[in-house]
Amino acid sequence: MDTGLKGKTALVCAASKGLGRACAMALAQEGVDVTITARTAATLEETAEAIRRATGVKVTAVAGDITTEAGRAAALAACPSPDILINNAGGPPPGDFRNWDRDTWIAALDANMLTPIFLIKAVIDGMIGRKFGRIVNITSGSVKSPIPAIGMSNGARAGLTGFVAGLSRQVARDNVTINNLLPGPFLTDRLRSNTKAAAEAAGVDVDTMLQQRAKATPAGRVGDPAEFGAACVFLCSASSGFVVGQNLLLDGGAFNSTMG
Ligand code: NAP
């Protein structure tokens, strides 16, 4: 399939590791010049170099916290008019909502709702003017099927999903699409660290716990981040202009339903 992406530019947030990195690599493999961000400069530069070596595209690394004004300004200074925006950031911590005060909630909303909205605001009029734009928000399977322990994620990501459901319908006629990718369990650092507490409680190591969990899903395994990157490329491809405001769940069939 010709994705029609060669020569385009992308801003991929939170992309030194895990799902963001997989999206950046997959887009670069289609000939997209990528600007990637993360807070830890050394890891980010290693990833930038790995993408350059693997694909030969132009890779710009911008170290910073994307959930802050300064972090977003630095990313946008390096890549002011992207054809593609991949919104991503770390997820909020688990816990009991009785312990979450206003500041804790605001941090979660900043990271998983307002940061993507402000980045969209910064780039979308340029996309409309050029009659091409692809925006993909990395959210979570928890948007469809809540995970009680991560209530802030359930709430903040649902807020983003609701907002972009409306906005995506306002920009689709200009060939700008906004869609969401909803990961189930993908083998990343985050999944391993999230599994650690459950593994300790069960008296097994993290790999054993992951295998047990994986067996319980229809696919019988956890996801490979490269599969996530491939889905991202599909949503960004030139021929996906009719895919508008969708929530694509990648969870190996774990969410049990006949439709949607
Ligand atoms: P990961 O492997 O821990 O990677 C996270 C990446 O984001 C790293 O590159 C990290 O680098 C960067 N990052 C984190 N916070 C950032 C910030 N404030 N500013 C800039 N960069 C930041 O995580 P992942 O598994 O890819 O998860 C990505 C997103 O998907 C998260 O929101 C997660 O909650 C969600 N998710 C993941 C899964 C899964 O199974 N993996 C399932 C559901 C939802 P630095 O730490 O150096 O900044």
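Some points to look at:
- In the condition set (1) among the small types (Gly, Ala, Ser); (2) open to solvent by 50 Å² or more (accessible area, probe 1.4 Å); (3) within 13 Å of the ligand (Cβ to nearest atom), residue 201 is compliant with all but (3).
- Failed condition for residue 209, given (1) out of contact with any helix residue (DSSP H, G or I) (no Cβ under 8 Å at 6 or more places or on another chain); (2) modelled with pLDDT under 95; (3) open to solvent by 20 Å² or more (accessible area, probe 1.4 Å): (1)
- Check on residue 150, under 28 Å from residue 69 (Cβ atoms), in a helix (DSSP H, G or I), of a type outside the set (S, T, N, Q) and at pLDDT below 95: yes
- Against the conditions (1) open to solvent by 30 Å² or more (accessible area, probe 1.4 Å); (2) within 13 Å of the ligand (Cβ to nearest atom), residue 228 satisfies every one except (1).
- Among the residues of this structure, residue 136 counts as one that is under 13 Å from the mean Cα position of the chain (by Cα), among the β-branched types (Val, Ile, Thr) and under 23 Å from residue 246 (Cα atoms).
- Per-region count, segment 67-119, residues among the aromatic types (Phe, Trp, Tyr) and touching a Cys at 6+ places or on another chain (Cβ under 8 Å): 0
- So residue 134, is it open to solvent by 10 Å² or more (accessible area, probe 1.4 Å), modelled with pLDDT of 95 or more and more than 16 Å from the ligand (Cβ to nearest atom): no
- Matching residues, segment 126-144, being assigned to a helix (DSSP H, G or I) and under 16 Å from residue 156 (Cα atoms): 141, 142, 143
- For residue 127, the conditions (1) surrounded by fewer than 21 Cβ atoms within 10 Å (Cβ to Cβ); (2) over 18 Å from the mean Cα position of the chain (by Cα); (3) modelled with pLDDT of 95 or more all hold with the exception of (1).
- Any chance residue 2 is open to solvent by 40 Å² or more (accessible area, probe 1.4 Å), more than 11 Å from the ligand (Cβ to nearest atom) and closer than 23 Å to residue 132 by Cα: yes
Here's the yes/no breakdown for (1) open to solvent by 30 Å² or more (accessible area, probe 1.4 Å); (2) within 27 Å of residue 24 (Cα to Cα):
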{"position": "166", "(1), (2)": "yes, yes"}
{"position": "175", "(1), (2)": "yes, yes"}
{"position": "184", "(1), (2)": "no, yes"}
{"position": "188", "(1), (2)": "no, yes"}
{"position": "197", "(1), (2)": "yes, no"}
{"position": "205", "(1), (2)": "yes, no"}
{"position": "223", "(1), (2)": "no, yes"}
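The values are calculated or read from the model by the stated rules, or taken from the named source; none is laboratory data. The shown structure was predicted, so the numbers you read here are calculated from the model rather than taken from an experiment. Ideal geometry is used to build each Cβ from the backbone, glycine not excepted, and the neighbour counts take in all protein chains shown. What goes into the accessible areas is simple: the full protein's heavy atoms, side chains included, and nothing from ligands, DNA or RNA. Shrake-Rupley method; radii C 1.70, N 1.55, O 1.52, S 1.80 Å.
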